[in-house]
Amino acid sequence: MNKKILLIAAACGAVFSLGATAAPQEQTLANGFKIVVERDTRSPVVVSQLWYRIGSVDEVNGHTGLSHLLEHMMFKGTPTVPDGEYSRRIAQAGGKENAFTSRDYTVYFQQLAAKHLPLAMKLEADRMRNLSFSDDAFRRELEVVKEERRWRTDDKPTGVLFEALYANAFMANPVRYPVIGWMDDLDHTKPDDARQWYRQWYAPNNATLVVVGDVEPQAVFAEAQKQFGGLPAVALPERRPQQEPEQKGIRRVSVKAPSRLGFVAMAWQAPRLSRIDLADPYGYFMLAEVLSGDSAGRLPRTLVREQSIAQSASANYDALGRGGALFTIIASRAADKTDTALEAAIRAQVARIAKDGIGEQELERVRLQMDAERIYQRDSMFAQAMEIGTLESVGFSWRDQDTMRQRLRAVTPAEVQKAAAALIDDRLTVVTLTPQPVSRDTQNDIKGESFVR
């Protein structure tokens, strides 16, 4: 999931339809299982999301891709719910289900009539501790995952670009690992690797259940106690910080891939929002919004429409996460322009803000645009659950939303200027993608690394 969108959601405050929603309520069971419920009575449906605090940042070299691979295996059944039965039962109840894995978490979700929430909770509690799959089933699903990697990364220009960007912007921090894993690691992964990963991390004290919909919070808590309360807590492995060594010079990498477009990606190591009271991350976030928060942002306005040097250009600050953070600017260049010219144009926009700053009027426009996005997002129960689950899974609380909103609204033009000035070459990695001939249509849309089954 796009972290920029999620931070907007978490940061822009609570805008509720009158009488339709109520502030979330939470409860933690004796075994460490946490439940957060937000009542939304606009429709008799419910969104249930089970968030495990396990992702690629928890993996080690030689065993990358385990979190995503285990996500696939979680649909292979238990002794009481055979392979395929989980999805069949949800569908039979008129619901939809799926899952996704990111660097920081793995999430299993259902959307269904509110009266069927106990069914979803019962199924999730069962596979939290009773997953069972054969070696043959594992090997078949492994081939599915390898094909997914070929499709999403190896055969996709932007997949190649993003993988090279993160792998070179970091040396030690595990955020450098692709969520889907390195192909060689997948080739050597064994069934017991996935089973061990499951035993280590899939436990009530490493999970949060987020429920949004037409439900009574106390009834959800009672059902959670019934379904999850008897599951034992597990002694979780130690999570080590794996701090990134100081970068001491610009890094440049060139990659090739079949593509109709050439790309320039620039990524600066930036401070992560590890504590809500840190000042600098909010300045970086607002800088990204000034540069490309909407079509009036400086990058699309100047590089695309005025200079015609790029076909697209966007900035992103990956603030929320348990690993290292990057401030990135990625642009696809016009066919008759060079990578050097495009990089220079990007640098000029950053340097202009670092030197001259921005006006209060421009910053206020960004604030208003963020408020509008927040209002639209409140129409989605799924989005409401996403913002709660994201904050809870990366070390914050859903209660921090208002504080984040207030701190973002308090960012000054001087703080945005400071963030731009901090984007120095000693923290910079530049990856260029040189297009090669293509024999079929190639999707060039830039997407984050999040894989859905």
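The values are calculated or read from the model by the stated rules, or taken from the named source; none is laboratory data. No experiment lies behind these values; they were computed from the predicted model shown. Note that each Cβ is placed from the backbone with ideal geometry, even for glycine, and that neighbours are counted across all protein chains shown.
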Considering segment 408-442 alone, what residues qualify as being surrounded by fewer than 20 Cβ atoms within 10 Å (Cβ to Cβ), at pLDDT below 95 and part of a helix (DSSP H, G or I)? 409
Please identify the pairs in which a residue from segment 71-83 that is within 28 Å of residue 103 (Cβ to Cβ) has its Cβ atom under 7 Å from the Cβ atom of a residue that is crowded, with 18+ Cβ neighbours inside 10 Å and β-branched (Val, Ile, Thr), counting only partners at least 6 apart or on another chain. 71/101; 71/106; 72/145
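What number of residues in segment 53-88 are assigned to a loop (DSSP other than H, G, I, E, B) and aromatic (Phe, Trp, Tyr)?
Initially, segment 53-88 is screened for residues assigned to a loop (DSSP other than H, G, I, E, B), giving 53-55, 59-65, 74-84.
From what's left, aromatic (Phe, Trp, Tyr): 75.
Summing the residues that are assigned to a loop (DSSP other than H, G, I, E, B) and aromatic (Phe, Trp, Tyr) in segment 53-88 gives 1.
A quick yes/no check of all residues on (1) touching a Leu at 6+ places or on another chain (Cβ under 6 Å); (2) small (Gly, Ala, Ser); (3) buried (at least 22 other Cβ atoms within 10 Å of the Cβ):
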{"residue": "288", "(1), (2), (3)": "no, yes, yes"}
{"residue": "299", "(1), (2), (3)": "yes, no, yes"}
{"residue": "306", "(1), (2), (3)": "no, no, no"}
{"residue": "313", "(1), (2), (3)": "yes, yes, yes"}
{"residue": "319", "(1), (2), (3)": "yes, yes, yes"}
{"residue": "329", "(1), (2), (3)": "no, no, yes"}
{"residue": "352", "(1), (2), (3)": "no, no, no"}
Return the pairs, sorted by first residue and then second, in which the second residue is among the acidic types (Asp, Glu) and crowded, with 16+ Cβ neighbours inside 10 Å, the first residue lies in segment 179-198 and is in the same structural domain as residue 140 (by TED's automatic domain parsing), the beta carbons are less than 7 Å apart, and the residues are 6+ apart or on different chains. 179/449; 180/148
Restricting segment 336-346 to residues that are free of Cβ contacts under 8 Å to residues at least 24 places away in the same chain and more than 21 Å from residue 423 (Cα to Cα), which is surrounded by the fewest Cβ atoms within 10 Å (Cβ to Cβ)? 336
Single unsatisfied condition, residue 323 versus (1) over 20 Å from the mean Cα position of the chain (by Cα); (2) more than 22 Å from residue 409 (Cα to Cα); (3) modelled with pLDDT under 95: (1)
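Can you name every residue in segment 384-398 that is in contact (Cβ under 8 Å) with a residue 12 or more places away in the chain and surrounded by fewer than 18 Cβ atoms within 10 Å (Cβ to Cβ)? Working first, answer last.
Start the filter on segment 384-398 by keeping residues that are in contact (Cβ under 8 Å) with a residue 12 or more places away in the chain, which leaves 384-396, 398.
Passing the criteria: only 395.
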